[in-house]
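Accompanying notes for the structure given below.
Rule-based calculations on the coordinates, nothing more; no lab input. All of these numbers come straight from a predicted model, not from anything done at the bench. A quick note on method: Cβ atoms are made from the backbone with ideal geometry, for glycine too, and the neighbour counts reach across all protein chains shown.
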Amino acid sequence: MSSQQPLPFVTVLVPCRNEQAFIAGCLDSIVHNGYPSDRLLVLVIDGMSDDGTRAVLKAYARDQPCVRVIDNHGRTTPQALNLGLREARGAVVFRVDAHACLAPGYLRRCVDALQESGADVVCGIMRTVASTASPMGRAIAAALGHPFGVGNSYFRIHVSRPTWVDTVFCGCYRREAFDRVLASDPGAGHEAERGRDSASETRGPFNVALIRGQDMDFSVRLRKAGGRMLLLPDISTDYYARSTIRSFWTQNWSNGVWAILPFAYSSGTSISLRHLIPLGFVLSLVATAAAGLVLPASLWVSAGIMSLYGLVNLTASLQAAWRERSMGLGILLPFVFLTLHVGYGIGSLWGALRLFGLPQFWRRLGWTVARRAEPVSEARS
């Protein structure tokens, strides 16, 4: 961007709920990122936190004129984002996770790249860091930075040059991208779950029916509307991973569930191979074990699957431990990887079972079939 051109006004959306341990660091990294405060608005959309987060936010709003707090009575992330977009100002909008800290200069670098590249969304790479110094916390962070843990998710495993990608983390968006997605798919997210209080729904470009996975859903719909997303390797955000195996299991189980359930609530849903592999792993073990009840030879297949997985797991664990310069992590990492894959796989299986029981899925499937049949019937008439 030319030095003579004024910097665009930027709004940063930070959805949060019960983030007392992380929200101060997140806001520090935004407010002190180097972007002019008179060209910056930070909207923290809080889901009625009850852990001390509210006190931190009130202090920030009092001391930093560019920080505002918005109450999100619906308490979910897509509702928070839609609320924030209603209050956003300027032509550029960032979406920042409360568990993240931006590298210095991140905002300006993204804004410049957005203007120069013609992309609709720009982001940097994610550096997964331990939220505690405990061995387990470090092992979890290492697993989330390795391809065996996250597949080919480019913003996690990093790239060497600017790369067009299918989704982003802590993205910098052209404001018009949200309007384009909403115009191309105005009904997305409005078919919320039955029984949810309609007063708590906040319509907008993010699907309010999706407790998780709303970012991927939006990215798919943006790409269908002609949007492009650019990943930059020279800037980064730090993401603070879960620190206990229990919270890590819960997170991955929930991620697995919501990798599948969006098919009931969004026409833009798609799923990549990396999200299906854990489900395939769990299903193969369940199927061969069940077959072993009547065909004992099937247990050898099950043993072969586990042996192959164990070999790959051990290799990846040693590689990740070597990269972290802590071979002691090699003892914990096999267990962490197993927790990640099995938790995600069982969550996906549970999500699939729930999906087939949801009337929304069958209605949407019927609409999809009808839409695909329309051009054929018109051509015949």
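Membrane-span-like helices in the chain, defined here as complete DSSP H runs extending at least 18 Å along the helix axis by their C-alpha atoms with mean Kyte-Doolittle hydropathy no lower than 0.5, are 273-291, 298-323, 329-356; this is a sequence and geometry rule, not a statement about a membrane. Placing a label point 7 Å from the Cα of Arg274 along the Cα-to-Cβ direction, the residues of the range 320-338 whose backbone N falls under 18 Å of that point are 320, 337-338. Among the cysteines of the chain, those whose beta-carbon sits 4.7 Å or more from every other cysteine beta-carbon are Cys16, Cys26, Cys66, Cys101, Cys123, Cys170.
Here Arg54, Arg138 are placed in order of increasing Cβ neighbour count within 10 Å, fewest first, which gives Arg54, Arg138. For Cα pairs less than 8 Å apart in space and 6+ apart in sequence, what is the mean separation divided by the residue count of the chain, i.e. the relative contact order in percent? Normalised by residue count, the contact order of the chain is 17 percent. Once the Cα-Cα distance is subtracted from the 0.36 nm per residue extended length, the Met306 to Asp71 segment shows a gain of 79.8 nm. Under 14 Å from the Cβ of Ser29, count the other residues' Cβ atoms, weight Lys and Arg +1, Asp and Glu -1, and hand me the total. For residues surrounding Ser29, the net value is -1. Positive contributions from Lys and Arg (+1) and negative ones from Asp and Glu (-1), summed over other residues with Cβ under 10 Å from the Cβ of Asp234, come out at +2. Could you work out the local net charge near Leu329, counting Lys and Arg as +1, Asp and Glu as -1, over the other residues with Cβ closer than 10 Å to its Cβ? Neighbourhood net charge equals +2. What the Cβ-Cβ distance of Ala61 and Leu283 gives, at R0 = 51 Å and to the nearest 0.05, is a FRET efficiency of 0.55. Using only helices, what value at 222 nm comes out for the chain when you add -39,500 (n - 2.57) per DSSP H run of length 4 or more and divide by the total residues, to the nearest 500 deg cm²/dmol? For the chain, the value works out to -16000 deg cm²/dmol.
Only one item in [x] 34, 23, 20; [y] 35, 29, 20; [z] 38, 21, 21 matches semi-axes √(5λ) of the Cα gyration tensor in Å derived from the coordinates shown, and that item is [y]. Computed extension length for Ala225-Arg161: 20.5 nm, one decimal, from 0.36 nm per residue of separation with the Cα-Cα distance subtracted.
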